[in-house]
Amino acid sequence: MLEEYLLPIVAVSLLLGGPLLLRGAQHPIVFFFAAIFFTSILKTPELPVVREKFALTEICMLLTWLFWTQIPKASLRRPTDRVVTPLGIAFIVACTLSAVFGILQLKGHHGSLTRVYGAVLVEVLNYAYGVMIVLSTVRLIDRWERLTGAVFAWLAGMAVASVVGTMALAGIAPSFAYEEGTRRICSTLRNENQVPSMILPLITIPIMLAAHRRLNAIPRALMLALTATAFLAALGTGSRTAVLMLIIAAAALIVTLSQDSSSHRLLNLSQLRTLALSFIGALVTYFVIAWAAFDGNYSLVRTPSWQRPAALLIEAYDGKRDLDNTRPRQIRAAIGKFWESPLLGTGPKLGGRKVGEEIHNTYVSLLLETGIVGLLLHVSLIIQATLYCMRAVKRCPYHWYRMMGTGLLIGMPLLFLYNNTMLGLRQRNIWFLIGIMFAFTNLVMLHVPAPIGMRLPRWLRVWRPAIVDGE
């Protein structure tokens with residue numbers, strides 16, 4: 001499907017890649033921001049061994065590490081290092097031991113197992129790569145401008161995936177924006193279920209920006225447009241998880257800011273509540289419209305993807321189907337096999353051989369493949385990032401950055417929810433978010449002084465700063 005767009009893709013790559021390389025050579029931190037941005041573009045040819053796991057994000061991270069010594073970094077003793085580094089290294093060790101244990105249990109002809117060995121090695125390297133992303137992110141975001149740059153890189157990627165997804169919903173997108181066969185919207189990612197993990201975790205940040213007291217009209221309109229396109233693209237994917245993520249995001253935004261006594265200094269809270277309630281109202285309107293448009297006979301191929309969540313809920317309510325048959329069956333099978341090796345698991349990538357298919361749940365898959373040890377280490381990393389960030393948000397003296405910290409804090413449970421319905425550890429979003437949350441904590445705990453206003457690095461500024469902190 002990508003072949004028909006090969007020439008335009010090459011042309012755009014050369015047009016954007018050249019300036020990126022030139023700018024990155026001068027300011028190598030650009031490669032890091034580009035890596036975050038490119039988590040929104042996973043369309044890539046299938047390569048030997050690594051298959052589709054090597055995308056533009058990987059190229060940019062390799063360039064980041066290649067120019068690592070040329071990136072100015074503060075010589076700070078980061079408070080979170082005593083947690084994130086041991087947990088990250090222990091997770092890699094646990095995955096490696098699990099892989100060795102799993103390989104030793106394999107039986108069969110050596111020739112038939114060679115491919116399995118390669119798959120296990122790639123999966124272990126994939127997990128180690130995720131941990132390296134976390135450690136690199138914590139080290140690189142050592143000043144507030146870089147935190148803003150990382151968040152805006154995510155929002156820029158979110159904008160690309162959202163706009164293409166909205167175009168696909170309107171039926172005017174290129175064919176690569178749709179899944180083959182089902183025609184479900186996958187936008188710039190590989191499949192439709194990956195889209196919410198990119199465009200929804202930080203969706204509360206543009207909503208908060210839209211309610212900022214001193215933001216100019218143009219950026220305010222852009223933030224509202226970004227929120228609207230993300231909303232439409234998420235619904236267009238037909239993902240039930242996306243609908244639940246949208247509901248939780250709106251509710252969490254209202255609850256979180258109502259507990260922040262000083263949030264009114266930065267945000268127009270009545271306007272923000274109106275936006276959040278409008279968000280919920282739009283969801284209700286969606287269900288009413290989808291319900292009215294649904295013909296009563298659900299078909300994966302024939303039913304439009306945007307009607308899918310409502311259609312499945314309707315048929316589940318009418319007793320025509322269970323809301324989800326696949327995941328409960330997979331979880332039961334995985335738990336049954338888990339007891340055969342509860343501590344170290346089957347080995348990364350080997351769980352599917354035990355249950356016959358890949359499990360659509362990150363944490364059950366980790367439990368099966370890396371055992372209790374691997375699961376606890378990874379979940380501990382997420383819990384520690386969340387707890388540290390919660391404390392840092394309360395202590396942060398800068399209203400603009402506290403707003404961003406709040407958005408990060410809301411984003412983690414959204415990604416956690418997503419990973420409970422999909423195998424999402426191979427995506428880079430969760431690793432970048434963990435690293436950004438730890439980095440935010442370090443900036444607060446080390447009392448790093450913040451610039452006045454919303455100041456991006458010069459080469460990343462998209463509009464003149466209009467936000468004055470402390471007002």
Which percent of the accessible area of region 183-241 is formed by carbon and sulfur heavy atoms (probe 1.4 angstrom)? 62
Using protein chains only and a probe of 1.4 angstrom, how many square angstrom of ARG214 are accessible, to the nearest 10? 120
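Please compute the Kirkwood hydrodynamic radius of region 86-167 from all pairs of different C-alpha atoms, in Å with one decimal.
Values: mean 1/r = 0.0626 Å⁻¹.
About 16.0 Å, per the Kirkwood formula over Cα pairs.
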Can you report the principal axis dimensions of the chain using only the alpha carbons, biggest first, rounded to whole angstrom? 68, 58, 48
Dividing the mean separation of Cα pairs under 8 Å (6+ apart) by the residue count of the chain yields a relative contact order in percent of 22
Exposure of MET132 as accessible area (Å², to 10), given a probe of 1.4 Å and all protein chains: 80
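Within 13 Å, Cβ to Cβ, of TYR363, how many net charges do the neighbouring residues add up to if Lys/Arg are +1 and Asp/Glu are -1?
0
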Largest first, what is the accessible-area ranking of HIS27, HIS447 with a 1.4 Å probe? HIS447, HIS27
I need the GluC sites (Glu not before Pro) found in region 302-399, filtered to DSSP loop residues with at most 16 other beta carbons within 10 Å of theirs. GLU340, GLU357, GLU358
Rounded to the nearest 500, what is the chain's calculated 222 nm mean residue ellipticity when only DSSP H runs of at least 4 contribute -39500 (n - 2.57) each, over all residues? -21500 deg cm²/dmol
With a cut-off of at most 15 other beta carbons within 10 Å, and DSSP calling the residue loop, which GluC sites (Glu not before Pro) in region 98-197 qualify? Please list them. GLU180
Provide VAL151, VAL355 ordered by accessible surface of protein heavy atoms (probe 1.4 Å), highest first. VAL355, VAL151
Which value, in Å² and to the nearest 10, is the accessible area of ILE430 when all protein chains are kept and the probe is 1.4 Å? 0
Counting only Cα, what are the radius of gyration and maximum Cα-Cα distance Dmax of region 227-298, in Å? 14.8, 51
Please identify every one of the trypsin sites (Lys or Arg not before Pro) in region 48-107 that sits in a loop by DSSP and has no more than 10 other beta carbons within 10 Å of its own beta carbon. ARG77, LYS107
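The values are calculated or read from the model by the stated rules, or taken from the named source; none is laboratory data. Everything quoted here is computed from the prediction, not taken from an experiment. When we count neighbours, we look across all protein chains shown, and the Cβ atoms used for this are built from the backbone with ideal geometry, even at glycine. All accessible areas refer to the heavy atoms of the entire protein, side chains included, with ligands and DNA or RNA removed. Shrake-Rupley method; radii C 1.70, N 1.55, O 1.52, S 1.80 Å.
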